[in-house]
Amino acid sequence: MSFSSTVKNELCRLENVNDCCLLSEVTAALCFSGLVATAAGGGHNIRITTENAAFARRIYSSIKKLCGINPEVAIRKSKKLKKHASYMLFITPCIGSEKLMKQAGVTIEDEKSPMLVIADKSILKRQCCTKAFLRGAFLAGGSISDPEKTYHLELTSRTSAQANELKRILGLFKLRARIIQRKGSFVTYLKEGENIVDFLNIAGAHNALMELENVRILKDMRNNVNRIVNCETANLGKTIDASIRQVENIKYIAENIGFDKLNPGLKEIASLRMEYSDASLVELGQMLSPPLGKSGVNHRLRKLDMIAEKHREEKL
Ligand SMILES: [Zn+2]
C-alpha cells in the first residue's frame, strides 16, 4: 500500500471527532471532490467522487448523521485498471442538496462553473474545524510521497482561489506552502520532512507521523555514516598518496645523495618512514625521540621531498 493510502486510511479511522469538525470534513469534500450542476426541475445536483472507499464511507455517514440526508451511492470500476474504483455520492434536490450546501457553508463558484466553494467562513472559525478542513482537503485531493524517496505533500484544488485559501490556512499553522499549476489544477504543496510531520500532526495521522519520523531518523543516520565514510576514504587516499611519494623520495636520497648527508632529525624520520610506510604523521611523530607533533613531522618530510626534487632538477 502506498504511504498516501496508509495516511488516508488512518485519517478515516479517526474517532471521537466533534460534529463541528465532521461537518468541516464534509465542507472540504464538497470543495475538493464535489461537482454541482443545475437540476432539471430547479435546485442542484451534487456529486462527490473519490477513489478512497474509506473516505466515501466516512463522508456518507457524516452527511447522514449531521444533515439527515441519505446520499445515493454508486461505484464505478475502471475498465483499464481493475484495482481502481471510483466511489460516488449523489445528492439531488429531492434528497436534500440545498440543505447540505447551506449546512456545509458552500455555494456555487459562479453559475457557469460546476465548483463549490466556501461561502460561510464561520465554518472554519474554530481551530479544531480548521484542522478538520485540512484533513478533508487531504482526503479529497491530497497525496504524500513515500518518505523513503522524498518529502512531498500536496493538496489539489480546481481553482487558484481554493489553492490560495489552503495556503492561507496552512500559514495559520506556520506551514509555508507553495502553489504550482498542473494540468488544469492548482497544487498547494509542502516540502521538507519537518513541515510534513507538522501537517500529519494537524490532520491527526499520528501513526503515519511516527512512521515518517522513524524513516527520517534512519535516513539521517545513513547520511551521516556515508558522509563520515566518504570523508575517511578521501583522507585515507590522500595519506597513502603522500606516503608513497615520501618513500620514493627517501629511496632516491638514499641511492643518489646518501643518508649521511642528512642532518640527524631528517635521517631519523627518513628511516622511520621507510620502515612504517602505513603510519600516519601523528604515529610517526610518537616514534621519534623526543616525540614530535604532526606539523613537525610534516615539516621534516616536506624537507626530504624538497631535497630529492632539487637534486633531480639539478641532474637534468
Ligand atoms: Zn470543530
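The values are calculated or read from the model by the stated rules, or taken from the named source; none is laboratory data. Not measured: the values here are computed from a predicted model. Cβ coordinates were reconstructed from backbone atoms using ideal geometry, including for glycine residues, and neighbour counts include every protein chain displayed. Accessible surface areas use protein heavy atoms only, side chains included; no ligands, DNA or RNA. Shrake-Rupley method; radii C 1.70, N 1.55, O 1.52, S 1.80 Å.
Structure values in brief
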quantity	calculated
Cut-off under 5 Å, modelled amide H: who pairs with Gly142 long-range	Thr156
Neighbour cut-off at most 13 other Cβ (10 Å), DSSP loop, GluC sites (Glu not before Pro), segment 113-177	Glu148
Relative contact order for the chain, counting Cα pairs under 8 Å that sit 6 or more residues apart, in percent	14 percent
Positive minus negative residues near Ile202 (Lys, Arg vs Asp, Glu; Cβ under 9 Å)	+1
In degrees, nearest ten, helix 127-141 long axis to first principal axis of the chain (Cα)	80 degrees
Straight-distance crosslink candidates among lysines, where the alpha carbon sits under 26 Å from Lys238 and sequence neighbours closer than 8 are dropped	Lys251, Lys267, Lys294, Lys303, Lys310
Cβ crowding within 10 Å averaged over residues, with 281-292, 226-237 ranked highest first	281-292, 226-237
Cα-based helix-to-principal-axis angle, 3-12 vs the chain, degrees rounded to 10	40 degrees
Whole-Å semi-axes of the chain's equivalent ellipsoid (Cα gyration tensor)	74, 18, 17
Most fluctuating residue given options Arg76, Arg57, Arg135, as computed from a GNM of the chain linking Cα atoms under 10 Å	Arg76
Förster radius 22 Å - calculated FRET efficiency between Asn201 and Ser145 (Cβ-Cβ, nearest 0.05)	0.80
Modelled FRET efficiency - R0 51 Å, Asp278 with Val17, Cβ distances, 0.05 increments	0.15
Positive-end extreme of charge dipole, the chain - chosen from Phe259, Ala37, Met221 (charges on Cβ)	Ala37
About the Cα centre, charge dipole magnitude for the chain (Lys/Arg +1, Asp/Glu -1 at Cβ), debye	1100 debye
Order of exposure, largest accessible area first, which applies to Asp241, Asp260, Asp120 with probe 1.4 Å	Asp260, Asp241, Asp120
